[in-house]
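A short write-up of the structure that comes next.
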Amino acid sequence: MLEDLKDAGLCAFFALLIFAPFLGVHLGDGTSGNLTLGPTPERLALAVAATFIARMAMLAWHRLRSKRTAKPSNGAAAARAAKYIGPVLLAVAIIFPLLPGMPNAYIDLGVLILTYVMLGWGLNIVVGLAGLLDLGYVAFYAVGAYSFALLASNFGLGFWECLPLAGILAAFWGVCLGFPVLRLRGDYLAIVTLAFGEIIRLVITNWVSLTGGPNGLLGMPAPSLFGLKFSMAGGPGTFAGFFGVDPMPWQKTAYLFYVILALALLTNWVTLRLRKQPLGRAWEALREDEIACRSLGINVRNTKLTAFAIGAMFGGFAGCFFAARQSFISPDSFTFIESATVLAIVVLGGAGSQLGVVLAACVMIGIPELLQSLQIYRMLIFGLALVTIMVVRPRGFISIRRPSVSLGKAKMIGAELRAEGKG
Amino acid sequence: MTILSVSNLTMRFGGLTAVNNVSFAAERGHITAVIGPNGAGKTTLFNCITGFYKPTEGSIAMSPSLGKIVRLEKLAGHQVASKGKVARTFQNIRLFGGMTALENLLIAQHNKLQSATGFGVLGVLGLGGYRKAEKQAIELAKHWLDQTGLMARADDPAGALPYGDQRRLEIARAMCTEPALLCLDEPAAGLNPRESAGLNQLLLKIRDEGCSLLLIEHDMGVVMKISDHIIVLDHGKKIADGSPTEIRNDPAVIAAYLGEGDEDDPDAPVAESVA
């Protein structure tokens with residue numbers, strides 16, 4: 001108890017040092033327009049006391065936990081739960097936009113989260129399975145988006161015709177990037193992919209005659225439902241006109257929601273299928289030990305390239321959808337922070353886990369949006385939440401791995417045995 | 001009949017010559033051992049044969065099947081296993097720790113399985129003969145799990161197995177590539193005498209199933225008992241080449257292991273200590 005007090009006292013002391021310049025003084029306007037500096041000890045005392053109490057509570061909590069018999073956390077319970085969480089989440093996602101009275105903004109937020117889920121699943125192939133740290137994933141997102149925008153404006157193609165083309169083009173650039181850089185490993189690979197992401201963005205910004213430069217491109221068609229457009233004007237040839245309902249904004253948003261849901265599920269399905277097949281197993285083996293792979297006759301370069309290309313393809317699909325949804329794109333949408341967000345989703349979810357990506361995308365995208373009302377404290381709380389998650393679950397939400405094949409009953413593999421991949 | 005013929009192999013790292021003009025041949029169906037003091041160039045020689053180093057000079061001719069010759073030094077790293085039919089294990093075990101023993105053995109059969117999936121496309125769509133290929137691959141994996149006594153651990157992660165089991169699993173994994181020549185880099189390192197005896201049995205069984213073996217080993221109990229042919233390296237040069245009995249009595253080998261200067265001691269008991 002005395003130790004706890006000492007520890008908490010030390011924390012409070014550091015809090016005093018840190019907060020004194022911020023909270024201990026108040027900068028105010030004087031009567032004659034000059035600035036005044038007044039001490040505000042009560043605010044400072046509050047912060048220090050809060051730190052002290054929080055530290056005491058934390059220590060007490062730890063003491064309580066260590067007293068309880070340590071439960072063997074073999075992940076079996078988590079795995080059993082995961083079996084049900086997936087279908088339940090899917091069911092929720094399917095009925096979500098159709099709930100009566102659902103505000104359009106919420107459906108739109110759902111579309112945004114699903115876009116990131118799809119990007120996360122795409123990047124999960126590269127980072128989670130193959131263990132290649134890719135900091136430039138946004139490049140493929142941009143290639144997909146601009147492919148659609150350019151094909152639509154120059155050749156008058158619709159969303160559904162452009163979708164596969166955008167995926168193919170992104171995969172092509174994935175291979176182009178992959179060929180020279182996949183000899184690099186770890187940090188070096190990360191730096192080159194980071195540079196690649198920036199190069200793509202800079203080319204888009206500066207190639208004004210083709211891409212419109214910083215002004216972006218405008219007027220891409222939204223996806224249509226078997227040729228039926230979503231238009232507020234109604235009339236023949238539109239969704240509302242065909243079904244004889246009043247045109248409402250949520251109809252289009254809900255349709256976009258289902259389109260991205262389907263695209264994301266396609267990504268998930270392909271990944272889950274591949275994981276149980278030689279290619280997916282080779283990716284995971286590559287993450288575990290590249291040299292051993294080579295000694296077993298696996299063509300390391302080609303295997304990495306397929307991971308890059310397939311990951312890039314799904315990034316391209318997502319980019320195409322993004323452009324169609326916004327009907328406006330500019331280089332500002334494809335900055336490094338996007339790559340970082342998607343990577344954070346993958347890492348936070350537990351690299352390699354599909355369900356983890358969904359949870360992490362909800363946290364990473366949902367929390368900042370839902371906390372809009374807290375204004376300036378939004379990012380503070382968000383940062384705190386991320387730090388807390390990584391302290392509590394350092395290998396992500398779901399860090400166990402289910403074997404791709406088993407003779408008897410499949411046993412879950414804990415994170416401590418899994419390699420994280422060195423590129 | 002020669003399965004592997006190394007001629008005038010030299011490997012230099014900058015100014016250091018790790019392997020100097022070494023030539024030898026390994027017979028098909030034999031266990032050939034490479035021994036030598038620490039730093040003699042054994043592992044470098046191994047890495048040249050298994051495609052991890054490109055030799056500076058010389059050639060390595062491998063005969064994966066009768067009447068066929070493959071020049072290993074001209075192949076890309078991964079082709080040594082797929083085309084040359086040479087499999088290897090590592091001095092420091094390199095298993096896929098986060099994957100189960102069974103998965104480890106299936107990855108070893110990657111090339112065969114991958115072509116059965118139509119390079120991934122048919123596999124994703126569930127078409128083609130992948131199921132059958134996978135069933136066969138699992139049968140082969142089971143065979144080697146059985147041979148190495150790891151059947152009960154098939155679904156356990158490789159990283160969680162005890163050291164001796166990991167050694168045997170690595171051999172099983174190499175055998176799942178269906179090699180003509182299995183190269184083992186110190187397979188008995190860190191094994192207790194009982195495990196070591198078990199390893200001898202396993203290696204003899206592998207030989208009797210028709211696979212030739214090349215092994216680096218420090219444990220003379222293993223080398224002298226099971227080898228058909230021994231090559232001795234010292235300072236990158238081959239100093240002796242012959243049957244275990246010949247090697248045991250070779251003065252150059254004794255000198256290399258125990259230092260020179262005991263020529264004037266006629267009944268040198270050193271041979272026993274080498275053995």
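Taken over segment B:141-164, the criterion of being among the acidic types (D, E) and farther than 20 Å from A:M412 by Cα is satisfied by B:D146 alone. Of all residues assigned to segment A:246-268, at least one qualifies as being closer than 16 Å to A:V127 by Cα and either hydrophobic (A, V, I, L, M, F, W, C) or in the same structural domain as A:G352 (by TED's automatic domain parsing) (or both). Filtered by the rule that a residue be assigned to a helix (DSSP H, G or I) and more than 14 Å from chain A (Cβ to nearest Cβ), segment B:43-88 gives B:T44, B:L45, B:E73, B:K74.
Of the helices (runs of 4 or more DSSP H) contained entirely in segment A:338-423, those carrying at least 2 residues that are modelled with pLDDT of 85 or more fall at A:354-361. One residue is enough: does segment A:288-297 have a residue meeting the conditions assigned by TED's automatic domain parsing to the domain that holds A:S399, charged (D, E, K, R) and within 13 Å of the chain's Cα centre (by Cα)? Within segment A:288-297, none of the residues are assigned by TED's automatic domain parsing to the domain that holds A:S399, charged (D, E, K, R) and within 13 Å of the chain's Cα centre (by Cα). Screening B:P157 with (1) buried (at least 22 other Cβ atoms within 10 Å of the Cβ); (2) within 12 Å of another protein chain (Cβ to nearest Cβ); (3) within 16 Å of the chain's Cα centre (by Cα) gives one miss only, at (3). For segment A:91-147, residues that are more than 21 Å from A:D332 (Cα to Cα) and not aromatic (F, W, Y) total 27. Considering segment A:214-260, and only residues there that are among the hydroxyl-bearing types (S, T, Y) and touching a helix residue (DSSP H, G or I) at 6+ places or on another chain (Cβ under 9 Å), the residue that is modelled with the lowest pLDDT turns out to be A:S231.
Looking only at segment A:229-271, residues that are assigned to a helix (DSSP H, G or I) and either surrounded by 15 or more Cβ atoms within 10 Å (Cβ to Cβ) or among the charged types (D, E, K, R) (or both) come to 23 in all. Taken over segment A:265-276, residues that are under 23 Å from A:T115 (Cα atoms) and more than 7 Å from chain B (Cβ to nearest Cβ) amount to 8.
Screening B:K68, B:K42, B:K74, B:K83 for residues that are under 18 Å from the mean Cα position of the chain (by Cα) and surrounded by fewer than 19 Cβ atoms within 10 Å (Cβ to Cβ) leaves exactly one candidate, B:K83.
Of everything in segment B:90-103 that is among the polar types (S, T, N, Q) and surrounded by fewer than 24 Cβ atoms within 10 Å (Cβ to Cβ), the residue that is nearest to the other protein chains (Cβ to nearest Cβ) is B:N92. Only residues that are under 30 Å from A:L217 (Cα atoms) and in contact (Cβ under 8 Å) with a residue 12 or more places away in the chain were counted across segment A:86-124, and they come to 20. Is it true that some residue in segment B:191-205 is touching a His at 6+ places or on another chain (Cβ under 9 Å) and crowded, with 19+ Cβ neighbours inside 10 Å? No: segment B:191-205 contains no residue that is touching a His at 6+ places or on another chain (Cβ under 9 Å) and crowded, with 19+ Cβ neighbours inside 10 Å. Just to be sure before I move on: is B:L113 assigned to a helix (DSSP H, G or I), more than 8 Å from every other protein chain (Cβ to nearest Cβ) and touching a Phe, Trp or Tyr at 6+ places or on another chain (Cβ under 8 Å) in the structure I sent? Spelling it out, it is not the case that B:L113 is assigned to a helix (DSSP H, G or I), more than 8 Å from every other protein chain (Cβ to nearest Cβ) and touching a Phe, Trp or Tyr at 6+ places or on another chain (Cβ under 8 Å). Looking at segment A:277-336, the helices (runs of 4 or more DSSP H) lying wholly inside it that each contain 1 or more residues that are away from every other protein chain (no Cβ under 12 Å) sit at A:300-326. Filtered by the rule that a residue be of a type in the set (G, A, S) and within 19 Å of B:K225 (Cβ to Cβ), segment B:163-199 gives B:G164, B:A188, B:A189, B:G190, B:S196, B:A197, B:G198. Every listed requirement among (1) in contact with a Lys or Arg (Cβ under 6 Å, 6 or more places away or on another chain); (2) closer than 30 Å to B:L16 by Cα is met by B:S212 save one, (2).
Is segment B:154-171 home to any residue that is polar (S, T, N, Q) and part of a loop (DSSP other than H, G, I, E, B)? No; the residues of segment B:154-171 include none that is polar (S, T, N, Q) and part of a loop (DSSP other than H, G, I, E, B).
When we screen B:R88, B:R167 for residues that are more than 22 Å from A:N299 (Cα to Cα), within 23 Å of the chain's Cα centre (by Cα) and in contact (Cβ under 8 Å) with a residue 40 or more places away in the chain, the only hit is B:R167.
The values are calculated or read from the model by the stated rules, or taken from the named source; none is laboratory data. This is a predicted model, so every value here is computed, not measured. In this analysis, Cβ positions are derived from the backbone assuming ideal geometry, glycine residues included, and neighbour counts consider all displayed protein chains.
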